[in-house]
1. So, in segment 276-311, of the ones that are assigned to a strand (DSSP E or B) and without any contact (Cβ under 8 Å) to a residue 60 or more places away in the chain, which residue ends up farthest from H190 (Cα to Cα)?
2. Can you pull out the residues in segment 356-377 that are open to solvent by less than 70 Å² (accessible area, probe 1.4 Å), in a strand (DSSP E or B) and in contact (Cβ under 8 Å) with a residue 40 or more places away in the chain?
3. If you check G69, G111, G57, G80, which single one turns out to be surrounded by fewer than 21 Cβ atoms within 10 Å (Cβ to Cβ), without any contact (Cβ under 8 Å) to a residue 24 or more places away in the chain and in a loop (DSSP other than H, G, I, E, B)?
4. Report whether or not Y186 is in contact (Cβ under 8 Å) with a residue 12 or more places away in the chain, among the hydroxyl-bearing types (S, T, Y) and assigned to a loop (DSSP other than H, G, I, E, B).
5. What number of residues in segment 387-402 are surrounded by fewer than 17 Cβ atoms within 10 Å (Cβ to Cβ) and modelled with pLDDT of 85 or more?
6. I'm told I183 meets every condition in (1) at pLDDT below 90; (2) in contact with a Gly (Cβ under 6 Å, 6 or more places away or on another chain) except one. Can you identify the failing condition by its number?
7. Can you report the number of residues in segment 119-162 which are crowded, with 22+ Cβ neighbours inside 10 Å and β-branched (V, I, T)?
8. Have a look at S41, S74 and point out the one that is modelled with pLDDT of 90 or more and either surrounded by fewer than 20 Cβ atoms within 10 Å (Cβ to Cβ) or in contact with a Lys or Arg (Cβ under 8 Å, 6 or more places away or on another chain) (or both).
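The values are calculated or read from the model by the stated rules, or taken from the named source; none is laboratory data. A quick note: this is a predicted structure, and the numbers were derived from the prediction, not measured. Quick reminder, even Gly has a Cβ in these numbers, built from the backbone with ideal geometry, and neighbours come from all protein chains shown. Note: areas computed on protein heavy atoms with side chains; ligands, DNA, RNA excluded. Shrake-Rupley method; radii C 1.70, N 1.55, O 1.52, S 1.80 Å.
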Amino acid sequence: MPLRFRSLLAVLAGGSLSFAALADDRAQGLFQYPSLTPDASHIVFSAGGDLWSVPVGGGAAYRLTSHPGIEGQSRFNAAGDTIVFESNRDGAQNLYTIDVSESSGFLVGGGIERVTTSDRGQMLGGFDQSGERVLFSAYLYREIYRHPRMYSAALDGGPMERVTDAFGRGPATHTDTEDIYFIRGYYYPHRVAYRGPGNLDIWRYRPSDDSFKQITEFDGNDFEPNPLPDGSVVYVSSRDGQYNLVRVDPDATDSESVTQLTHYKPGGDDSETIAHGVRDLRVSADGSTAVFVVWNTMYTLDLTDARATPKEVEIAMPGDLAQGRVYQNNISREVSEAAVHPSGKAVAQIARGELFVRSTEEEHPSRRITDSAYRERDIAWSPDGVKLYFAADDERSLGSIFEATVLLAREDLEPEPVE
């Protein structure tokens, strides 16, 4: 997955202005992007910006990476001794590999090598059939049709190659076949109730004859395809109103044969949502086990038993995660642009292409608002001081406009007493 700009939060409290960015979910210790070893014995997942491993039955998590950057999705090769993963450790999100081995029941990480080098974010797909190339999707070229294309890169270096001229994202394969499964449509997975022409559908591409087949025809969202050894595909679908796991038979479409595997839905007097149900699905290469996340809980599902129900993976992790770290740097000589808040109590600054805000009072350090591989610039406050606007170059376009929202504490909204 590439880096995305999120909403930013600024809080006015105690008469002084202080700012904090809403961190990416991966920096909050949430369990995200699990993947399974080929034999489904271990799970590797992202939490606190790093990769961790845990036995499939649960237990203590073991850290595989430790870097200020953020690690995201990961995939195992067929042998189970190499993981390819996303990371923004060197700037834009690129792909890296790490060697792994098992020791005393834990997966232990080894050397890390960089696979792709680009200033455009790379979204991991997986390994190709040979296991010698990595598949991914990216916005490498400027298109009128604003969707990514699919590419491959050799593990030992070399140029990126386009898989097909078709637009698509999330290429997924299995070592038993050349077929590549991917999704097309407008990528808005948070719109679980959406029905219409922009929905996500799963397609199959066969390189040998350059043919395509649409696997899902449901007018809602279907995504995260995982091909199994028998030719069936397990994926996430919103067909029942929430995201759940479904399975389509080999060489079939969802209009011909589909089986729903999970049945998550909101419940309880005070519950209206479960963050739309299942997310971050991966299936082991042997086809025996699925792993996924609902809210902040990881589950596995035995795909060999039609009567199986999801099983929670209980994970013990240390409390000292990366998001608690504070790094102090002097940026006073690097400021290229500044804009004073209408109240005069704060000033927004651009330093080395990043956005900062600081109080005008003494002994108040600047707070970093953005942290990206792209350049922020052209800052401006709204007249009421509630919005901070800025432009940024992201992977899709030059000069996109973003905003940071300022929230006022209640006491600051009340009029000052008259003496």
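1. If we filter segment 276-311 for residues that are assigned to a strand (DSSP E or B), which is where we start, we get 277-283, 289-294, 297-302, 311.
When the remaining residues are screened for being without any contact (Cβ under 8 Å) to a residue 60 or more places away in the chain, the result is 278, 281, 294, 299, 301-302, 311.
On the way: V278: 11, L281: 15, V294: 14, Y299: 20, L301: 23, D302: 27, K311: 24 Å.
So the residue we want is D302.
2. Here is the first cut: in segment 356-377, the residues open to solvent by less than 70 Å² (accessible area, probe 1.4 Å) are 356-357, 359, 364, 366, 369-370, 372-374, 376-377.
Of the ones still in play, those that are also in a strand (DSSP E or B) are 356-357, 359, 376-377.
Within segment 356-377, V357, S359, R377 meet the criteria.
3. Details: G111 fails: in a loop (DSSP other than H, G, I, E, B); G57 fails: without any contact (Cβ under 8 Å) to a residue 24 or more places away in the chain; G80 fails: without any contact (Cβ under 8 Å) to a residue 24 or more places away in the chain.
The unique qualifying residue is G69.
4. Numbers: in contact (Cβ under 8 Å) with a residue 12 or more places away in the chain: yes; among the hydroxyl-bearing types (S, T, Y): yes; assigned to a loop (DSSP other than H, G, I, E, B): yes.
So Y186 passes the test.
5. First, pick out the residues of segment 387-402 that are surrounded by fewer than 17 Cβ atoms within 10 Å (Cβ to Cβ): 387, 389, 391, 396-401.
When the remaining residues are screened for being modelled with pLDDT of 85 or more, the result is 387, 389, 391, 401.
Total meeting the criteria: 4.
6. Among (1) at pLDDT below 90; (2) in contact with a Gly (Cβ under 6 Å, 6 or more places away or on another chain), the lone unmet condition for I183 is (1).
7. Qualifying residue count for the region: 1.
8. Details: S74 fails: either surrounded by fewer than 20 Cβ atoms within 10 Å (Cβ to Cβ) or in contact with a Lys or Arg (Cβ under 8 Å, 6 or more places away or on another chain) (or both).
Going through S41, S74 in turn, just one is modelled with pLDDT of 90 or more and either surrounded by fewer than 20 Cβ atoms within 10 Å (Cβ to Cβ) or in contact with a Lys or Arg (Cβ under 8 Å, 6 or more places away or on another chain) (or both): S41.
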